[in-house]
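Have a look at the structure below before the remarks.
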Amino acid sequence: VELSCIIKSTVTLEPRIEWKKIRDGETSYVFFGNKMQGDFATRAEILGQTSLVIKNTTRMDTATYRCEVAAPSDTKTIDEINIQLTVQ
């Protein structure tokens with residue numbers, strides 16, 4: 001599955017991108033510090049700097065995924081988007 005977090009325009013050369021997984025009120029990192037975290041390290045990757053691709057999804061991946069973008073040189077220095085993923 002591919003979850004997209006599209007940055008339309010930025011003057012910050014390398015904005016900081018973080019992906020988090022929120023399930024049952026618990027938040028965990030998926031992509032932090034420019035690397036995949038936990039079990040995502042072996043089955044997920046970042047495409048085009050912002051899109052999260054999760055391979056071999058299971059029902060345990062059902063959650064809200066939050067993409068957070070920090071661009072210190074921009075007018076809006078931080079923004080986020082939540083994507084609800086449901087794996088049947």
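Only residues that are open to solvent by less than 80 Å² (accessible area, probe 1.4 Å), closer than 17 Å to VAL1 by Cα and hydroxyl-bearing (Ser, Thr, Tyr): list them for region 13-62, please.
The answer is THR50, SER51, THR57, THR58, THR62.
Test each condition in (1) modelled with pLDDT under 95; (2) among the acidic types (Asp, Glu); (3) over 11 Å from the mean Cα position of the chain (by Cα) for GLU80 and report the one that comes out false.
(3)
If I filter region 33-50 down to residues being of a type outside the set (S, T, N, Q) and assigned to a loop (DSSP other than H, G, I, E, B), which single residue comes out as farthest from the chain's Cα centre (by Cα)?
Only one residue fits best here, namely ARG43.
Would you tally the residues in region 63-82 being exposed (fewer than 12 other Cβ atoms within 10 Å of the Cβ) and assigned to a loop (DSSP other than H, G, I, E, B)?
4
The values are calculated or read from the model by the stated rules, or taken from the named source; none is laboratory data. No experiment lies behind these values; they were computed from the predicted model shown. No Cβ is skipped: glycine too gets one built from the backbone with ideal geometry, and neighbour counts run over all protein chains shown. Ligands, DNA and RNA are excluded from the accessible area calculation, which covers all protein heavy atoms including side chains. Shrake-Rupley method; radii C 1.70, N 1.55, O 1.52, S 1.80 Å.
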